[in-house]
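A.B. asks: I have a structure here, written as structure tokens, and I will follow up with some questions on it.
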Amino acid sequence: MVAILTLTDRAQHEPLLERFHAGLYLSAFAAQAEPLEVWQSALWSDQAPYRMTVQLAVDGGDILGGIAFELYRRSGCGLVTYVVVAPEARRSGLGKTLRSGAARTLYGDGARAVFGEVNDPRAPHSYETAEESWRRLERYQRWGSRVLDIRYVQPSLGPGLERDRGLVLVRHAGDAPPLAHMPGPVVRDFIAEFYAITEDGRASDVEGDAELQAILDGIPDPVRLVELAPGLSPAA
């Protein structure tokens, strides 16, 4: 029977975290993987600037899936960072269970919004086809997620990693119906904090980072939340 386990105790759960990171996680996110040390610090250090949670779907000794999500203190926003399900457990509803549970937890903890990042199927990716990207995005949209109608660039996740310009930012709905718009200041607060923390303070001076400045300046108020489909323009 599959159980959802939240990794809370370092002595007991660190071996599971290491197995998940080296196995399912890296198999899905090798191109832009966060170092294990970043996770360990975020999970078990009192000095972490955000609160990270990792939940694993386990069946006996097997890890069938996992999810990582974060709550950012200054902006009060949540981010679902990674969701992965083992091939043998796909099409079972496990991905939706993990994603919906994470959004529910973050909203229950007071998050102003819960975001996620998804490959933009309109952009080229070396590690998956456009069809695969569309299937993932459409699945998230069926679950109530909507794409923010803004330009988005993911900050560098670690030394030697480039910013990722092939993603869209989505808002996860949780248990509430999807919205058509959301406040621009909430989005700006989150992106500014996300950059400052993820790039170790190098982006904290917005005026010294032309790309980040352009992203923040381009966020309207309100921000449209849209559905994307192949061959169609975004429609609210």
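A.B. asks: At a probe radius of 1.4 Å, what is the per-residue accessible area of residue 215, in Å² to the nearest 10?
C.D. replies: We get 10 Å² for residue 215.
A.B. asks: Then there's this: On a full-extension model of 0.36 nm per residue, what is the gain between residue 18 and residue 90, subtracting their alpha-carbon distance, rounded to one decimal in nm?
C.D. replies: Gain in length upon complete extension: 23.7 nm.
A.B. asks: Skip the ligands, DNA and RNA, and give the accessible area per residue of segment 86-128 with a 1.4 Å probe, whole Å².
C.D. replies: In whole numbers, segment 86-128 has 52 Å² accessible per residue.
A.B. asks: Going by the alpha-carbon gyration tensor, a ≥ b ≥ c the square roots of its eigenvalues, is segment 51-194 rounded (a/c under 1.5) or, if a/c is not under 1.5, prolate (a/b greater than b/c) versus oblate?
C.D. replies: rounded
A.B. asks: Then there is this: Report the percentage of all Cα-Cα pairs in segment 1-119 whose separation exceeds 21 Å, rounded to a whole percent. Could the numbers behind the result be given before it?
C.D. replies: On the way: 2467 of 7021 pairs.
Tail fraction, whole percent: 35.
A.B. asks: For 8, 105, what's the largest-to-smallest order of accessible area, 1.4 Å probe?
C.D. replies: In descending accessible area the options line up as 8, 105.
A.B. asks: Rank 58, 228, 42 by how far each Cα sits towards the positive end of the charge dipole of the chain (+1 on Lys, Arg Cβ; -1 on Asp, Glu Cβ) and give me just the farthest.
C.D. replies: 228
A.B. asks: Another one. Where nothing but the Cβ of Lys and Arg (+1) and of Asp and Glu (-1) is charged, how large is the charge dipole of the chain around its Cα centre, in debye to the nearest 20? Mind showing how you got there, number by number?
C.D. replies: Values: 24 positive and 32 negative charges, 172 e Å.
Roughly 820 debye for the chain.
A.B. asks: Find me the longest stretch of the chain that has none of the exposed trypsin sites (Lys or Arg not before Pro), where exposed means in a DSSP loop (not H, G, I, E or B) with at most 15 other Cβ atoms within 10 Å. Numbers along the way, then the final one.
C.D. replies: On the way: sites that count: 73, 74, 90, 91, 122, 151, 165, 202.
Maximal segment without exposed cleavage sites: 1-72.
A.B. asks: Using +1 on the beta carbon of Lys and Arg, -1 on that of Asp and Glu, and nothing else charged, what's the dipole of segment 38-92 about the Cα centre, debye to 20?
C.D. replies: Numbers: 5 positive and 5 negative charges, 60 e Å.
Here the size comes out at about 280 debye.
A.B. asks: Taking the Cβ of residue 44 as the centre, find all other residues whose Cβ is under 10 Å away and add up their charges (Lys, Arg: +1; Asp, Glu: -1). The partial results should precede the final answer.
C.D. replies: Details: positive: 10; negative: 9, 14, 46.
So the surrounding residues net to -2.
A.B. asks: For labels at residue 51 and residue 129 in the simple 7 Å Cα→Cβ model, what's the distance in nm?
C.D. replies: 4.3
A.B. asks: Sort out the exposed loop GluC sites (Glu not before Pro) in the chain (DSSP loop, at most 15 other Cβ within 10 Å) and tell me the longest stretch that has none.
C.D. replies: 1-127
A.B. asks: Still on this model: Would you mind getting me the FRET efficiency between residue 213 and residue 142? Use the beta-carbon distance for r and R0 = 35 Å, nearest 0.05. If you can, show how the numbers build up before the last one.
C.D. replies: On the way: r = 35 Å, r/R0 = 1.00.
About 0.50, to the nearest 0.05.
The values are calculated or read from the model by the stated rules, or taken from the named source; none is laboratory data. Keep in mind that this is a model prediction, so the values were computed, not measured. FYI the Cβ positions are ideal-geometry reconstructions off the backbone, even for glycines, and counts take in every protein chain you see. Accessible surface is based on the protein model in full, side chains and every heavy atom, while ligands, DNA and RNA are left aside. Shrake-Rupley method; radii C 1.70, N 1.55, O 1.52, S 1.80 Å.
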